[in-house]
Amino acid sequence: MKELAALEVKNLSVYANSQTILRGITFSLEKGERLLIVGKSGSGKTTLLRSLTGIAQELFKLSVFGSVSVYGEKVLNSVEASKHFFYVPQEPWYSIATPYPILELLFDNRCNMCLKSIENFARKLGVYEKLYEASTDLSAGEVQRLALLQALAVKSHTVLIDEITSYLDSEARRNVVEAVKIISEQGVAVVVVDHDVELWHGSVDKVLYIESGVGKLYEDPMDTPMALDLKRLRNELKNSKHVVESSRSTPVLVAEGVWFKYPDAADYILKDVHVTIHPHEVTWIRGGSGKGKSTLLKVLAGVLKPSRGWVKRFTKEVQLVSENPLHYISNPTVGEELQWDTNLAMLIGLESKLSTPITLLSSGERRRLAIASAFRKQPKLLLIDEPTVGLDPWNTIAVVKLLSLLQSRGSAIVVASHGEEFECIASRIVEV
C-alpha cells in the first residue's frame with residue numbers, strides 16, 4: 001500500500017475580497033522531501049504558506065479554497081491546522097517572544113532536544129553565544145537563524161520556511177541549506193520560500209514557480225524563469241555601473257572613533273569606526289551577519305549613542321529606514337503613503353497597488369514602499385538597512401536605480417547590506 005503524502009495541496013486558491021491572489025496551486029511532498037517556492041515579489045509565496053497554517057484566514061481575513069492534507073488528514077481552514085506545521089516567518093522580529101532565545105526553546109513544549117543538542121546545533125548555525133544574549137540586541141539575521149534552530153528542535157510534520165536567508169551572508173546561507181537537509185533527514189517535509197535559486201540548486205527535490213498567482217512545478221531551481229532573471233540582473237548591474245562624484249563640500253555626517261557595546265554583550269560590536277559622508281555619495285556598509293551593520297546605521301542616525309567616540313550630523317533632514325519597513329510606513333494604503341504619486345509608484349512596481357491596504361502587501365512590497373516613501377521626502381541624508389532583502393532580481397534593480405537617482409539629486413545615502421548589488425553605485429565601502 002502506498003504511503004500517504006506528508007503534505008498534499010490540491011487546487012488551492014486564495015482571494016482578498018474580489019482580488020485573486022493564488023489560483024489552483026497543486027503539489028505534494030513525501031516524508032523527508034524538500035520543496036523550494038520561487039517567484040517575483042508579491043506573487044503570493046508568503047500567502048501560500050500562511051494559507052496552509054491558517055494565518056491568512058484568521059489574521060488577514062482571506063478566503064481560501066481547495067484541499068490541504070497532512071498524511072491524509074484534511075486540515076485546510078481547520079482550527080487544528082497550525083499544529084501540523086512549524087512556520088518560520090519572513091519577518092524575523094516576530095520569531096522570538098521571550099527575553100532570551102534559549103528560553104524560547106526550553107519552554108516550547110514541542111521541543112524534543114536536550115540542552116546539549118540545542119547548543120551543538122546553535123554552534124553549527126553560528127549563533128551559540130546568541131542563545132544567552134538579550135533578544136532585543138540581536139540582528140535580523142541572528143533571529144532568523146535562531147528561528148531555524150527552533151525548527152530543528154521541535155516535532156512537526158512539515159516545516160515552512162519563508163525567506164530565511166534574506167538577512168544572511170553567504171556562509172550563513174550555506175549553513176541554512178545544511179540545516180534544512182538535517183531537518184528533512186528526520187523525516188520532516190520542508191517547504192522553503194527563497195529568491196536565491198543558485199543557493200538551493202541540488203538541495204531540493206522539486207520547485208514550485210509562482211507567477212500571477214499560478215504555480216508550475218520544476219525539478220531544478222536553475223530551470224525556472226527566476227534563474228534567467230538572475231543572469232539578466234547581473235548583466236544589467238554590470239553594464240550600469242557608475243559612481244557619481246562627491247562634491248566634497250561640507251560633509252553631512254562625520255563619525256570619529258566610534259565604539260559601541262550592547263548592555264548584556266561581552267564585547268564591543270563596533271570598534272574604532274571612522275567615516276565622513278558627503279552629498280552625492282553612497283556609502284555601503286558591508287559585513288557578515290551579526291557583525292554590526294544595523295548597529296552602525298542606528299548609531300549614525302542617532303538612535304543609539306556611541307559607547308565611545310562621537311557622531312556629528314550637519315543636517316536635520318535625516319531619514320532612517322530600518323530592517324522592518326512597518327516602522328517607517330505611517331499610512332493605511334500605498335497611495336496615501338506616496339501621496340498618490342503614480343510616477344513614483346511606477347518606479348518601484350506598485351502602480352497597481354495604490355488602493356491596497358498595507359496589511360495585504362508582501363514583505364518585499366512593504367520594503368519597496370518604505371524606500372519610495374523616503375525618496376519622496378528627498379532627505380539630505382538617507383540611512384537604509386538591507387533595502388533589497390526579499391526582493392526578486394527585477395525589483396532589486398528598481399531599488400538600486402531609485403537610490404541612484406536620489407544620489408544624483410545631491411542626497412547622501414548610507415546602505416547597510418550584504419548584497420553585492422550596491423557595488424555599482426557605492427562611492428566607498430565601510431567594512432564591519
Next item on the list: Let me know the shape class of segment 132-282, please: from the alpha-carbon gyration tensor, a ≥ b ≥ c as square roots of the eigenvalues, rounded when a/c is under 1.5, otherwise prolate if a/b is greater than b/c, or oblate.
Entry: oblate
Notebook entry, point to check: For segment 240-431, what relative contact order do you get, as a whole percent, if you take Cα pairs closer than 8 Å and at least 6 residues apart?
Noted result: 31 percent
Item checked: Set LYS298/LYS353; LYS10/LYS45; LYS124/LYS298; LYS293/LYS377; LYS130/LYS181; LYS271/LYS380 screened for pairs whose C-alpha atoms are more than 20 Å apart -> LYS298/LYS353; LYS124/LYS298; LYS293/LYS377; LYS130/LYS181; LYS271/LYS380
Margin query: What do you get for the angle between helix 225-239 and the principal long axis of the chain? Use alpha-carbon atoms, 0 to 90 degrees, nearest ten.
Written below: 10 degrees
Next item on the list: Please determine, in degrees from 0 to 90 and to the nearest 10, the orientation of helix 140-153 with respect to the longest principal axis defined by the Cα atoms of the chain, where the helix direction is its Cα long axis.
Entry: 20 degrees
Next item on the list: Report the Stokes-Einstein translational diffusion coefficient (µm² s⁻¹, integer) for the chain, Rh taken as the Kirkwood radius over Cα pairs, at 37 °C with viscosity 0.692 mPa s.
Entry: 146 µm²/s
Next item on the list: Could you please rank ASP264, ASP169, placing first whichever residue has the fewest other Cβ atoms within 10 Å of its Cβ?
Entry: ASP264, ASP169
Checklist line | Cα-based helix-to-principal-axis angle, 170-185 vs the chain, degrees rounded to 10 | finding: 10 degrees
Note to self: Whole-Hz ³J(HN,Hα) for each residue in segment 15-32, computed from phi via Karplus 6.51 cos²θ - 1.76 cosθ + 1.60 with θ = phi - 60°, x for glycine and proline: what do you get?
What the structure shows: 10, 10, 6, 9, 8, 8, 9, 10, 9, x, 5, 9, 6, 9, 10, 7, 4, x
Checklist line | Binned Cα-Cα distances of segment 240-431, short to long, each 5 Å bin given as a whole percent | finding: 1, 8, 17, 20, 20, 15, 11, 6, 2, 0
Notebook entry, point to check: Stretched out fully, how many nm does the piece from ARG308 to ARG174 gain, at 0.36 nm a residue minus the Cα gap?
Noted result: 44.7 nm
Check: At a Förster distance of 22 Å, what's the computed FRET efficiency of ASP108 paired with SER82, Cβ-Cβ distance as r, to 0.05?
Finding: 0.95
Checklist line | Förster radius 22 Å - calculated FRET efficiency between LYS61 and LEU326 (Cβ-Cβ, nearest 0.05) | finding: 0.75
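Each reported figure results from applying straightforward, stated rules to the coordinates on display, with no laboratory input. As the structure is a prediction and not an experimental result, all values here were calculated from the model. Neighbour counts run over all protein chains shown; Cβ positions are idealised from the backbone, glycine included.
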